1. So residue 63 fits all but one of (1) open to solvent by 30 Å² or more (accessible area, probe 1.4 Å); (2) among the hydrophobic types (A, V, I, L, M, F, W, C); (3) in a loop (DSSP other than H, G, I, E, B); what number is the exception?
2. Which one of these does residue 118 not meet: (1) open to solvent by 30 Å² or more (accessible area, probe 1.4 Å); (2) in a loop (DSSP other than H, G, I, E, B); (3) in contact (Cβ under 8 Å) with a residue 12 or more places away in the chain; (4) small (Gly, Ala, Ser)?
3. Select from segment 238-268 the residues that are over 16 Å from residue 306 (Cβ atoms), surrounded by 19 or more Cβ atoms within 10 Å (Cβ to Cβ) and under 23 Å from the mean Cα position of the chain (by Cα) and list them in ascending order.
4. With the requirement that a residue be touching a residue at least 60 places away in the same chain (Cβ under 8 Å) and either in contact with a strand residue (DSSP E or B) (Cβ under 6 Å, 6 or more places away or on another chain) or open to solvent by 50 Å² or more (accessible area, probe 1.4 Å) (or both), what does segment 25-35 give you?
5. How about segment 283-296: which of its residues are crowded, with 20+ Cβ neighbours inside 10 Å and in contact (Cβ under 8 Å) with a residue 24 or more places away in the chain?
6. For residue 131, are the conditions met, namely being out of contact with any Gly (no Cβ under 9 Å at 6 or more places or on another chain) and crowded, with 19+ Cβ neighbours inside 10 Å?
7. Any idea which of (1) under 23 Å from residue 71 (Cβ atoms); (2) within 15 Å of the chain's Cα centre (by Cα); (3) surrounded by 19 or more Cβ atoms within 10 Å (Cβ to Cβ) is the one residue 142 doesn't satisfy?
8. Out of segment 24-57, which residues are under 30 Å from the mean Cα position of the chain (by Cα), farther than 21 Å from residue 142 by Cα and part of a helix (DSSP H, G or I)?
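The values are calculated or read from the model by the stated rules, or taken from the named source; none is laboratory data. Quick caveat: nothing in here was measured; it's all calculated off a predicted structure. Here the Cβ positions follow ideal geometry from the backbone for every residue, glycine too, while neighbour counts run over all protein chains shown. Remember, those area values only see protein heavy atoms, side chains included, never the ligands or the DNA or RNA. Shrake-Rupley method; radii C 1.70, N 1.55, O 1.52, S 1.80 Å.
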Amino acid sequence: MATNDYGIAHQLAPEPGVDSWRDAAGQPLAAYGLADMPGRYKLIFCFQDNCPGCHRSGFPTLIKLFEAFRRSPTISFAAIQTVFEEFEHNTPERGFANQQRYALPIPFGHDAGPDRAGSRLMQRYRSGGTPWFILIDPEGVVLFNHYHVDADRLIDYLRDAESRYAGLTPDGTLTWAGVLRLARNGNPEPPRRVEHGEAEWRTRLTPEQFYVARQKGTEPAHSSAMCALFEPGRYACVCCGTELFDAGSKFDSRSGWPSFTQALSPDVVAYHDDSSHGMTRIETTCNVCDAHLGHVFPDGPAPSGLRYCINALSLTKC
């Protein structure tokens, strides 16, 4: 997203501090905050009822964004009247009336601050007025904080984010449906890239590691003591050192290979259709260096139902 000279872009998002809310159906809400917004990405639109720009461009942009993601679990929306002038006009009643005026089934807030001292949200986010758009990412970081937003670019950005997180449970757990989508539609951007030629990899790895990690080999079942290792710690790619799995997700699958239920994060493991050896499987590779790890199957334990069947020769215990 674009950077700007306003607000707190790239900082952790504070609570808006808004006390007066109505829910998506227009009924009073006792309280509402960032934790109550269900989407991984949160978009907040700030307006004033008497702001011409809010009605000329702000609300139409909000409507366009909302309609693009009306049924998406990845993005949630809220609109807040952030009052900093003409308090007698920008009343709660007139602010909330815009919910019906624009037929927006999203929570609306009213924020004039204590004793009409001015919007708390504006102070906390250092916003410059209205209309104002705030986008918060899944880690709670403010990505965008400005008057104007290019709706089409933002839709493209959020659709890309939506595809990356498709197939995740609400707590971020990847499911088999998510694995299939990633294998079909493409993997997320890696946190970094490590690339070497074949000769360099051969100098860095043992012949056995090179065969498995760089030539897509498979070690014999039950050939590694790592299968029975359940001490706390993390498991990293033997080629590039990227941490891939945590011991907390390791389980005894009795398959003969180390098995895990989840990767550390969605961007460190990549997924690929594999029809070799007369089978249809999903290959897993390190998303940073493309090292072959193993395969993932939908026969693991709850909550993910996944079994990452990983060659011990592709891993190193941290």
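1. Of the numbered conditions (1) open to solvent by 30 Å² or more (accessible area, probe 1.4 Å); (2) among the hydrophobic types (A, V, I, L, M, F, W, C); (3) in a loop (DSSP other than H, G, I, E, B), the odd one out for residue 63 is (3).
2. (1)
3. 242
4. So in segment 25-35, the residues touching a residue at least 60 places away in the same chain (Cβ under 8 Å) come out as 25-26, 29, 32, 34.
Matches in segment 25-35: 25, 29, 32.
5. Filtering segment 283-296 down to residues crowded, with 20+ Cβ neighbours inside 10 Å leaves 284-289, 291-296.
284, 286, 287, 288, 289, 291, 292, 293, 294, 296, listed by residue number.
6. Spelling it out, it is not the case that residue 131 is out of contact with any Gly (no Cβ under 9 Å at 6 or more places or on another chain) and crowded, with 19+ Cβ neighbours inside 10 Å.
7. Residue 142 satisfies every listed condition except (1).
8. Correct list: 54, 57.
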